[in-house]
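As structure tokens, the structure follows; a few thoughts come after it.
The values are calculated or read from the model by the stated rules, or taken from the named source; none is laboratory data. Since we're looking at a predicted model, the values are computed, not measured. Please note: Cβ atoms are built from the backbone with ideal geometry, for glycine as well, and neighbour counts cover all protein chains shown.
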Amino acid sequence: MSKTIWIVVANRVTARIFAAESPLGGIDEVETLLHPEGRVPEQDLVSDKPGRTYDRAGPGRHATAPDTTQHVHEATLFAAQIATALAKARTEDRYGTLVIAAPPAFLGALRKALDAQTQSVVTLELDKDLAHLDARSLRAHLPERLVRCET
């Protein structure tokens, strides 16, 4: 099993993957995944107006709201793309442990998308949007020790 630690910092538009060879060491960027659809305004993602319905009583008519917004749908798709890339890299033994940092809503989507084996190697989760930081700045936002000590 690889001793490399991968740090994934993501939001609904960008996922950047960094690697550290030791829990106390520096980090280097390995890969970047982009999902530009996460930045597009909602009205540009949806081609149709919402459906219309009649009120039960009276002549009123109004638009129906979709169950989820298109941005939530796009975030779910991107989370699945990231999860697939992480699962593939895990099976290729490119990392042994995983640290994830993402805004709370996207972190939840990412958690749901990860398979059980990948979830089992996650040692730390941070609910912060750090995807815009370079390696040095990112390392300053992470704990000194990237993994929990085994006892």
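General observations
- Close pairs from region 70-94: first farther than 11 Å from His35 by Cβ, partner exposed (fewer than 15 other Cβ atoms within 10 Å of the Cβ) and of a type in the set (Gly, Ala, Ser), Cβ under 9 Å, at least 6 apart: Val72/Ala105
- Whichever residue in region 53-91 is of a type in the set (D, E, K, R) and at pLDDT 55 or above and, among such residues, is farthest from the chain's Cα centre (by Cα): Arg56
- Just one of (1) at pLDDT 95 or above; (2) surrounded by 12 or more Cβ atoms within 10 Å (Cβ to Cβ); (3) under 10 Å from the mean Cα position of the chain (by Cα) fails for Arg94. It is (3).
- Residue within region 5-17 that is at pLDDT 95 or above, under 20 Å from Pro103 (Cα atoms) and charged (D, E, K, R) present: yes
- Residues of region 2-29 that are under 19 Å from Glu125 (Cβ atoms) and under 16 Å from the mean Cα position of the chain (by Cα): Trp6, Ile7, Val8, Val9, Ala10, Asn11, Arg12, Thr14, Ala15, Arg16, Ile17, Phe18.
- Just so you know, in region 99-125 the residues that are of a type outside the set (Gly, Ala, Ser) and out of contact with any helix residue (DSSP H, G or I) (no Cβ under 8 Å at 6 or more places or on another chain) include one that is surrounded by the most Cβ atoms within 10 Å (Cβ to Cβ), and it is Val99.
- Residues of region 108-141 classified as in a loop (DSSP other than H, G, I, E, B), more than 17 Å from the chain's Cα centre (by Cα) and among the aliphatic types (A, V, I, L, M), total: 0
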